[in-house]
Amino acid sequence: GVVLALASAVLISSRPGEGGRRLTARAALLSIVAGVSLGSAVIALDRAPLESESLAAFVEIVVGLALLGLIVLLARASAPLRLGLSNLGGAHTVAGGRRRNVVAALVAGILLAVANAALLAALQSGSLAVVSVLAGLYPLATLVLVRFVGGERMTRLQLIGAALAISATVVLGLSLAA
């Protein structure tokens, strides 16, 4: 199940039109940072005492916001850092102006809080290995949203990845039930 999940995550994350393109150093670095960050967060939440309930998820969000604020302040003070961060991309806005962007950010924050609470509940009642693998399949949710909200088509590799992700979830579920 774990091997299926890992393979599905790679396929789901493939982007249309990247057929023969190689992995860039920037993409590799961002992938490593994202993976280490997600893994560290999952392990930290798993190690939180049961008595802390959702406080651990709340602290994780507050620490994340504090780090983001620190990066913003440092970027304002440092032109080289500002340039480096601007080269990462991702400065896209939602069409419709500032108000719509604020609403989108608030909705994203609420969804993050719900996801963290669900992750914490899963970690408190399940295996760290299984929960972390399933949490790593989050690109599937993004892929589905982009398909049905954004109207983009999925590539054959992404469809295969989605099927593998669903299969991995079933296999892991059956292995836990046994």
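Some notes on this structure:
- Members of the range 154-165 found to be farther than 15 Å from V3 by Cβ and open to solvent by 50 Å² or more (accessible area, probe 1.4 Å), listed by number: M154, R156, L157, L159
- Matching entry among G151, G109 (being in a loop (DSSP other than H, G, I, E, B) and surrounded by fewer than 15 Cβ atoms within 10 Å (Cβ to Cβ)): G151
- Residue in the range 50-69 that is assigned to a loop (DSSP other than H, G, I, E, B) and farther than 23 Å from A108 by Cα present: no
- Any hit, the range 74-82, residues being among the small types (G, A, S) and either modelled with pLDDT under 80 or within 17 Å of the chain's Cα centre (by Cα) (or both): no
- Search result, residues across the range 117-135 that are surrounded by fewer than 19 Cβ atoms within 10 Å (Cβ to Cβ) and not aliphatic (A, V, I, L, M): Q124, S125, G126, S127
The values are calculated or read from the model by the stated rules, or taken from the named source; none is laboratory data. Note that the coordinates shown come from a computational prediction; the quantities given were computed from them, not determined experimentally. A quick note on method: Cβ atoms are made from the backbone with ideal geometry, for glycine too, and the neighbour counts reach across all protein chains shown. Note: accessible area is taken over every heavy atom of the protein model, side chains too, but ligands, DNA and RNA are not part of it. Shrake-Rupley method; radii C 1.70, N 1.55, O 1.52, S 1.80 Å.
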